[in-house]
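The values are calculated or read from the model by the stated rules, or taken from the named source; none is laboratory data. Being a predicted model, the structure only gives us computed values, none of them experimental. All Cβ positions, glycine included, derive from the backbone under ideal geometry; neighbour counts span all protein chains shown. For the accessible areas, the whole protein counts, side chains as well, though only heavy atoms, and no ligand, DNA or RNA atoms are used. Shrake-Rupley method; radii C 1.70, N 1.55, O 1.52, S 1.80 Å.
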Amino acid sequence: MNDFAPTAPDVALLFEGGGMRAVHTAGVVETLIDAGIHTGLAAGISAGASHLANYVSRDSVRARKSFVELAADPNFGDWRSFARGKGLFNAEYIYEQTGLPDQVLPYDFQTYAASGTQARIGTFRCSDGATVYWTEEDSSTMSDLMRMVRSSSTMPVWMPPVLIDGEYYVDGALGRDGGIPLSAARDAGYERFLVVLTQPRGYRKIPPRRLTPFYRSYFRRFPAVGEALQHRWALYNETLDEIEALEESGDAVVFRPERVMIRSYERRVDRLAEAYVLGREQARREVDTWLDFCGM
């Protein structure tokens with residue numbers, strides 16, 4: 001018997017992004033792992049891709065540290081790293097260096113590879129605006145995996161685009177799902193979904209103002225990025241509508257943080273720690289519903 005076989009093989013777990021606001025999700029990841037809920041597929045976009053990587057490797061401690069303690073690391077990034085071209089968040093360090101064996105957040109790639117859970121990491125190809133979902137077959141090494149997670153998490157302007165196999169990629173939230181990887185799970189044949197959101201019930205995005213001259217100039221090389229920024233709100237809201245319909249039909253169970261107290265760029269460790277605890281406590285109140293949904 002495979003000790004890593006999924007315990008909920010017909011369920012897809014979906015992680016929304018949201019920058020540091022996804023600290024609430026770290027408490028969800030801990031609760032899922034503690035409850036032994038291991039789904040057949042896990043999909044994540046942006047910060048949700050980081051949670052996917054930690055969830056599939058079954059490392060709840062790393063899930064917390066990635067969104068709480070790491071913010072105090074002097075290499076985490078700030079305006080100085082932004083001025084040096086490394087990004088407001090020092091993505092190369094955060095995603096590609098911290099997981100190495102001798103670094104602050106060593107990553108258990110062996111467990112990830114042996115988990116039996118399919119992975120989908122959503123990102124956005126700058127050249128043509130295509131949504132790309134990397135799979136576990138694309139990440140044969142930890143270096144591959146972490147670069148794909150980084151590509152999914154790369155906020156335009158604030159972080160430099162990521163080059164993979166000759167193509168540049170940015171935040172998967174610009175793609176066809178608007179930031180919640182529902183289509184990835186559907187394309188893989190899944191019909192039941194455990195969805196982890198980072199905004200409260202009733203939230204919807206509003207249309208942005210037109211692109212400023214700065215953005216038009218900035219995205220001149222990749223106009224598909226600027227176009228996607230204009231329309232992401234509609235795609236996101238459409239995906240939320242679909243998820244609510246699935247919830248009403250009994251085909252989805254959704255975690256929504258009851259209290260959102262964190263912004264995407266939050267760096268204060270005390271605030272992040274408080275939000276993490278809130279997420280964990282709420283998840284523990286809801287975990288019995290998740291277990292029932294997963295037939296466990």
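Annotations
- When Glu92, Glu30, Glu96, Glu69 are checked against the criterion of being touching a residue at least 60 places away in the same chain (Cβ under 8 Å), farther than 25 Å from Phe193 by Cβ and acidic (Asp, Glu), a single residue qualifies: Glu69.
- Residue in the range 49-59 that is farther than 30 Å from Asp292 by Cα and either open to solvent by less than 20 Å² (accessible area, probe 1.4 Å) or more than 17 Å from the chain's Cα centre (by Cα) (or both) present: no
- Scanning the range 163-208 for residues that are in a strand (DSSP E or B), of a type in the set (A, V, I, L, M, F, W, C), surrounded by 24 or more Cβ atoms within 10 Å (Cβ to Cβ) and in contact with a Lys or Arg (Cβ under 8 Å, 6 or more places away or on another chain) yields nothing.
- On inspection, Ser217 passes the criterion of being of a type in the set (S, T, N, Q) and free of Cβ contacts under 8 Å to residues at least 24 places away in the same chain.
- Only listed residue being open to solvent by less than 20 Å² (accessible area, probe 1.4 Å), at pLDDT 95 or above and not polar (S, T, N, Q), chosen from Gly27, Gly17: Gly27
- Candidate set: the range 235-268, residues that are aliphatic (A, V, I, L, M) and modelled with pLDDT of 95 or more; chosen: the one farthest from Leu13 (Cα to Cα): Leu235
- Some residue of the range 127-139 being among the small types (Gly, Ala, Ser), outside any loop (DSSP other than H, G, I, E, B) and surrounded by fewer than 18 Cβ atoms within 10 Å (Cβ to Cβ): no
- Residue check, Val260 under 25 Å from Phe67 (Cα atoms), out of contact with any Phe, Trp or Tyr (no Cβ under 8 Å at 6 or more places or on another chain) and either assigned to a helix (DSSP H, G or I) or charged (D, E, K, R) (or both): no
- Criterion applied to Phe124, Phe109 was being more than 26 Å from Phe82 (Cα to Cα), of a type in the set (A, V, I, L, M, F, W, C) and touching a residue at least 40 places away in the same chain (Cβ under 8 Å), and the one residue passing it is Phe109.
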